[in-house]
Amino acid sequence: MDAGNTKTTTVLISITCGLLMMFVMASLFYYISKLTASGTLRMNNALHAIGEVYLTVGANRSRIGKIQIKVQGALRELEALTDHFEDLKQGKVVKVTEVTNNGILIIELQK
């Protein structure tokens with residue numbers, strides 16, 4: 001009105017700007033909602049990964065041990081077994097060769 005526009009023009013411009021802002025806000029909320037992450041650990045992502053023995057793993061799958069391994073961008077401590085003929089002691093570097101159905105990693109000594 002102070003710019004010399006009629007009331008009709010001012011109302012039309014106001015409605016257009018309001019609708020545009022509603023569209024911008026709806027788009028903003030839509031894209032922000034897509035930024036969520038599930039956080040679910042998928043054990044198959046550990047296949048062929050390199051890690052380090054944390055708790056001794058028994059030879060020939062005799063005793064479950066633990067390894068530290070980076071999976072999906074996070075360092076994890078996971079249970080593991082080995083088919084190696086001797087125990088894998090703490091600090092040994094290992095490679096994941098298989099994942100069992102119940103989520104235990106099968107590892108071998110890294111060469």
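Quick look at the numbers
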quantity	calculated
Extreme residue, surrounded by the most Cβ atoms within 10 Å (Cβ to Cβ), among residues of segment 35-53 that are polar (S, T, N, Q) and touching a residue at least 24 places away in the same chain (Cβ under 8 Å)	N45
Scope segment 2-19; condition loosely packed, with under 10 Cβ neighbours inside 10 Å and at pLDDT 90 or above; matching residues	T8
Unique residue being touching a Leu at 6+ places or on another chain (Cβ under 8 Å) and acidic (D, E) when the list is E86, E77, E98	E98
Filtered residues of segment 87-107 (kept if farther than 12 Å from G58 by Cα and in a strand (DSSP E or B))	V93, V94, K95, V96, T97, E98, V99, L105
All positions within segment 60-111 that are of a type in the set (K, R) and within 28 Å of G39 (Cα to Cα)	K66, K70, R76, K95
Residues (part of a helix (DSSP H, G or I) and either modelled with pLDDT of 95 or more or of a type in the set (A, V, I, L, M) (or both)) located in segment 31-59	I32, M43, A46, A59
Extreme residue, surrounded by the most Cβ atoms within 10 Å (Cβ to Cβ), among residues of segment 61-111 that are without any contact (Cβ under 8 Å) to a residue 24 or more places away in the chain and small (G, A, S)	G65
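The values are calculated or read from the model by the stated rules, or taken from the named source; none is laboratory data. Remember, it's a predicted structure, so these values are computed and weren't measured experimentally. Note that each Cβ is placed from the backbone with ideal geometry, even for glycine, and that neighbours are counted across all protein chains shown.
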